[in-house]
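Peer 1: Take this structure, written in structure tokens, and hold onto it; I'll ask about it next.
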Amino acid sequence: MAFTTLRLPPYPKLVTNNRFSGIFASQFHSSALPSRLVLGSSSSCVGTLSLSINHHSSPWSSTAFTCFSQTSELSVSVDTYGSNTERVVVLVIGGGGREHALCYALQRSPSCDAVFCAPGNAGISTSGNATCIPDLDIFDSSAVISFCRKWGVGLVVVEPEAPLVSGLANDLVTAGIPTFGPSAEAAALAGSKDFMKTICHKYGIPTAKYQTFSDASAAKQYIKEQGAPIVIKADGLAAGKGVAVASTLEEAYKAVDSMLVEGIFGSAGYRVIVEEFVEGEEASFFALVDGENAIPLESAQEYKRVGDGDTDPNTGGMGAYSPAPVLTKELQNVVMESIILPTVKGMSMEGCKFVGVLYAGLMIDKKSGLPKLTEYNVRFGDSECQVLMVRLKSDLAKVMLATSRGELKGVSLKWSPGSAMVVVMASKGYPGSYEKETVIRNLEEAECVAPAVKVFHAGTAFDSDGNLIGTGGRVLGITAKGRDLEEARDKAYLAVEEINWPGGFYRQDIGWRASPQKQFSRNA
């Protein structure tokens with residue numbers, strides 16, 4: 001029986017998967033699962049750990065190994081005898097709620113040895129779902145590539161659209177590193193709404209009528225001709241806030257001025273899309289795409305407006321649930337055939353194949369009952385990702401790797417039955433100006449109020465006294481699974497009410513579209 005001894009470069013707070021400390025498997029380019037792994041450390045680490053695996057027994061329980069010294073060194077002895085199952089170390093790029101949910105799902109994946117997240121956040125770090133790398137510059141491709149090579153990363157999942165649009169996936173693929181995420185050219189589906197609309201027009205994809213403007217006077221003249229209600233969108237990336245649904249001409253003119261004249265969204269608002277208002281119900285549709293093939297994920301529905309009853313401004317999402325009754329199986333087939341597959345084919349014909357997750361924002365037209373595409377995102381939605389990842393039963397790492405390799409044909413996904421719901425807790429004042437660094441307490445108690453409750457972090461950190469604080473607009477996603485939507489909602493709100501955060505608030509009516517008979521009246 002042969003053993004390989006490795007000396008690994010130092011990194012703090014190493015968190016391994018619950019199966020074995022497989023971050024090391026890719027260091028010696030072997031797909032074999034070690035049956036013995038011994039970690040030795042310098043005195044600056046907390047404890048020592050000896051792990052053993054019996055390949056004929058059930059997976060062993062969760063284990064975390066934490067090293068607090070930047071200069072400590074690990075010595076690993078790996079038995080090269082084992083199964084032929086391919087395993088991979090994953091680096092997740094991003095630091096929000098969807099990245100936390102992805103780390104949570106990846107950490108449970110049988111084919112995932114270890115998970116890094118850059119930059120990550122306080123909740124990801126303390127949950128044990130990933131090792132956070134806060135000092136890795138995700139806009140510096142050479143730094144990311146160097147990190148991947150140093151730590152044997154076999155799959156990079158790029159979530160935020162900004163580094164995708166700037167070409168991070170291009171550089172990773174050129175360096176030979178499997179990447180889940182589109183090229184800069186394909187990411188233009190989200191980076192430019194005008195580009196997305198052009199693809200729709202060229203390939204017959206149903207969407208609302210529109211015109212693009214860079215001149216405020218011309219935009220206002222078009223709005224006057226079309227009448228209200230009408231929709232004004234910033235052309236570029238605006239963190240989910242670049243959409244104004246105007247009920248009157250005056251509101252529409254004001255939205256145009258704010259984007260084109262005042263420049264509230266910077267370069268993202270130098271052009272605007274003026275789009276017809278389509279009355280109906282919004283829904284989110286996600287598909288994994290490998291350049292040629294696409295498979296749908298489960299359905300989900302998000303709540304964009306900040307206020308109960310879908311009032312007040314749009315946000316990046318205040319909650320969601322899955323599955324979404326509005327997206328029947330028949331309607332999902334229509335979306336795949338009329339929207340997703342024509343987009344995949346069109347992008348391929350344009351010479352910029354799409355690889356990654358395609359997030360279609362839909363409006364189910366009240367008049368026709370058919371879906372229209374309102375926008376594309378080239379990453380998961382924050383709220384939807386959280387409910388989808390707690391329901392996913394498939395090996396996420398394996399599926400993402402197949403996506404990056406163009407091997408999705410024949411792949412199917414497994415989902416847990418029942419429903420899941422997430423309630424977002426945001427800083428008071430969001431989506432406007434809000435107070436930061438307010439203390440949050442009782443998160444552990446919240447996760448214990450009922451089975452299948454998970455708190456995902458989107459914008460948290462620790463202050464100098466070790467208190468958890470809110471650092472963003474949307475801060476927490478309290479997610480729960482249940483036998484049906486009502487049970488999932490009851491669990492989620494029970495957990496929300498356990499959290500002690502005077503500086504936060506939440507919508508009290510998440511899920512009302514699917515179950516309108518029950519409302520909530522308590523405030524955070």
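Peer 1: Regarding region 105-116, can at least one residue be identified that is surrounded by fewer than 22 Cβ atoms within 10 Å (Cβ to Cβ) and either of a type in the set (A, V, I, L, M, F, W, C) or farther than 25 Å from residue 394 by Cβ (or both)?
Peer 2: Within region 105-116, none of the residues are surrounded by fewer than 22 Cβ atoms within 10 Å (Cβ to Cβ) and either of a type in the set (A, V, I, L, M, F, W, C) or farther than 25 Å from residue 394 by Cβ (or both).
Peer 1: Now a separate question. Can you find, within region 164-188, the residue that is surrounded by the fewest Cβ atoms within 10 Å (Cβ to Cβ) among those that are at pLDDT 95 or above and part of a helix (DSSP H, G or I)?
Peer 2: Per the criteria, the residue is 174.
Peer 1: Across region 234-279, what is the number of residues that are touching a Lys or Arg at 6+ places or on another chain (Cβ under 9 Å) and of a type in the set (S, T, N, Q)?
Peer 2: 0
Peer 1: Let me ask something else. Mind telling me which of the residues 185, 161 ends up being in contact (Cβ under 8 Å) with a residue 24 or more places away in the chain and under 25 Å from residue 458 (Cα atoms)?
Peer 2: It is 161.
Peer 1: Do we have any residue at all in region 380-394 that's open to solvent by 20 Å² or more (accessible area, probe 1.4 Å) and modelled with pLDDT of 95 or more?
Peer 2: Within region 380-394, one or more residues are open to solvent by 20 Å² or more (accessible area, probe 1.4 Å) and modelled with pLDDT of 95 or more.
Peer 1: Report whether or not residue 99 is open to solvent by less than 20 Å² (accessible area, probe 1.4 Å) and among the acidic types (Asp, Glu).
Peer 2: The answer is yes for residue 99.
Peer 1: Scan region 83-95 and report the pairs whose first residue is closer than 18 Å to residue 169 by Cα and whose second residue is basic (Lys, Arg) and at pLDDT below 95, with Cβ atoms within less than 7 Å and a gap of 6+ or a chain change.
Peer 2: Correct list of pairs: empty, since none qualify.
Peer 1: Can I ask one more? Residue under question is residue 410, and the condition is that it be open to solvent by 40 Å² or more (accessible area, probe 1.4 Å) and small (Gly, Ala, Ser); does it hold?
Peer 2: Criteria met by residue 410.
Peer 1: Filter region 97-144 for residues that are closer than 23 Å to residue 170 by Cβ, touching a helix residue (DSSP H, G or I) at 6+ places or on another chain (Cβ under 6 Å) and among the hydroxyl-bearing types (Ser, Thr, Tyr) and give the result.
Peer 2: 141
Peer 1: Okay, next question. Please pick out the residue among 420, 397 that is over 25 Å from residue 311 (Cα atoms) and among the small types (Gly, Ala, Ser).
Peer 2: After applying the criteria, what remains is 397.
Peer 1: Could you figure out which of (1) in contact with a helix residue (DSSP H, G or I) (Cβ under 6 Å, 6 or more places away or on another chain); (2) closer than 28 Å to residue 350 by Cα; (3) modelled with pLDDT of 95 or more; (4) not β-branched (Val, Ile, Thr) isn't true of residue 154?
Peer 2: Failed condition: (2).
Peer 1: Taking residue 480 as the residue in question, decide whether it is out of contact with any Gly (no Cβ under 9 Å at 6 or more places or on another chain), buried (at least 17 other Cβ atoms within 10 Å of the Cβ), at pLDDT 95 or above and more than 30 Å from residue 242 (Cα to Cα).
Peer 2: No.
The values are calculated or read from the model by the stated rules, or taken from the named source; none is laboratory data. These figures come from a predicted structure and were not determined experimentally. Every residue, glycine among them, receives a Cβ derived from its backbone with ideal geometry; neighbour counts consider all protein chains shown. Only protein heavy atoms, including side chains, enter the accessible area calculation; ligands, DNA and RNA are left aside. Shrake-Rupley method; radii C 1.70, N 1.55, O 1.52, S 1.80 Å.
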